[in-house]
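In what follows, a single structure is set out as structure tokens and then discussed.
The values are calculated or read from the model by the stated rules, or taken from the named source; none is laboratory data. Small disclaimer: the values here were computed from a predicted structure and weren't measured. Here the Cβ is made from the backbone with ideal geometry for all residues, glycine too, and neighbour counts use every protein chain on show. The protein model used for the area step is the full one, side chains on, heavy atoms only, and it has no ligands, DNA or RNA in it. Shrake-Rupley method; radii C 1.70, N 1.55, O 1.52, S 1.80 Å.
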Amino acid sequence: MQRTLTERLAILSDAAKYDASCASSGTEKRDSARSGGLGSTEGSGICHAYAPDGRCISLLKILLTNFCIYDCAYCINRSSSNVARARFTAEEVIWLTLEFYRRNYIEGLFLSSGIIRSSDHTMEQMVRVARELRTTHGFRGYIHLKTIPEASPALIEEAGLYADRLSINIEMPTDAGLASLAPEKRPAGIRRAMAGLRTKIEEMGEPTLRTKARRRFAPAGQSTQVIVGADAASDATILSTSGRLYGSYGLRRVYYSGFSPIPDASSRLPPQKPPLMREHRLYQADWLFRFYGFGIEEITAARPDGMLDLDLDPKLAWALAHRERFPVDVNRAPREMLLRVPGFGVKVVQAILAARRHRRVRLEDLGRLRVSLRKVRPFIATADWTPLRLIDRLDLGALFRPAPEQMALL
């Protein structure tokens, strides 16, 4: 049956919703108003709009096709799945991107695909879309390509010449999980492709001897996605994998996507999706690791099962488990310790360090910084406040946990 363009768009945009790694931050500034062409990554271009679940909605996010020769158990587009199939040509994706942009519906393109014929054939089509948008149509908006690790390194390198960001999804947090649920994929091949991308990004980022200019190659770096809850991996295992990926491959982001149950699922998969809060806690823990100086083992040591507390954010859970480190004197403590106070963000800590050069910080000063005083009071001392025995209360954790709710009977 020949499907209309509208029908295919509905199928392939819905199929793309399972890929979380589509944020548009970190690219270089390009604006057609100043340099000609079409589109922009700033101003009236990428606007960083997000859906309620945290996913970026400013991009045209579609699959080239949801046909796939692979049979990954967790994927709704696997070869054995009984779903409606559709496919775009490269020319149709180009036309859609330009027309959606002209109508101000989107500010860029996120393009992924199932594997058709072969990895190289699929990658060639995706690179063609990006190349034509850039060179033929002068498109200067954001482009994110989800690359295929089994594809030729030359094709992946060419993709980096036209895309702002490239992502190579590892999918499962462990090699054993990937072998069990996606035996056709090779973890070593995925890591090899990531390493190659990092090398190329760093190489192209070095200024040339002649002009001292840096050559453009995936300026927003590379990212990956981990599926949460499809296997038995704990939060500690997932975050340990993320830590290694950040350190080994220079990733800009690791995205966490909660497993979504799919029709006719394998018995190896759980029957229910994990709580959305688990995904949220992983993002919070990831942030603590990258920007707050926490080690992965510190964040995950509070519970013996390696799972994050769903009722408490990871920084608060750490503080409650290490009460001997508190209260922190905001007028004397170093930046590293201030960053560990629940309720203090990076900007708040910077403001405290700036303010205390001129005067002693008081509780009311923190209130002006829009700090949650209820949250920080047990953990800090200021010029006019000391928590006394508050930090030693046995029920301190209960003060921060959400109130119990009556479960519905029907």
Give me a count of the residues in the stretch 111-132 that are open to solvent by less than 10 Å² (accessible area, probe 1.4 Å) and part of a helix (DSSP H, G or I).
6
Counting only residues that are among the aliphatic types (A, V, I, L, M) and at pLDDT 80 or above, which one in the stretch 389-410 is least open to solvent (accessible area, probe 1.4 Å)?
396
Find the helices (runs of 4 or more DSSP H) located wholly in the stretch 133-241 whose residues include 2 or more that are over 30 Å from residue 270 (Cβ atoms) and either among the polar types (S, T, N, Q) or at pLDDT below 90 (or both), and list them.
187-205
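Take the conditions surrounded by 11 or more Cβ atoms within 10 Å (Cβ to Cβ) and more than 31 Å from the chain's Cα centre (by Cα) and apply them to residue 362. Does it pass?
On the way: surrounded by 11 or more Cβ atoms within 10 Å (Cβ to Cβ): yes; more than 31 Å from the chain's Cα centre (by Cα): yes.
Yes, satisfied.
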Quick one: in the stretch 212-237, of everything that is in contact (Cβ under 8 Å) with a residue 60 or more places away in the chain and among the polar types (S, T, N, Q), which residue is most open to solvent (accessible area, probe 1.4 Å)?
237
Provide a single number: the residues in the stretch 374-394 that are touching a residue at least 12 places away in the same chain (Cβ under 8 Å) and under 31 Å from the mean Cα position of the chain (by Cα).
3
Is there a residue being open to solvent by 20 Å² or more (accessible area, probe 1.4 Å), modelled with pLDDT under 95 and among the polar types (S, T, N, Q) anywhere in the stretch 90-109?
yes
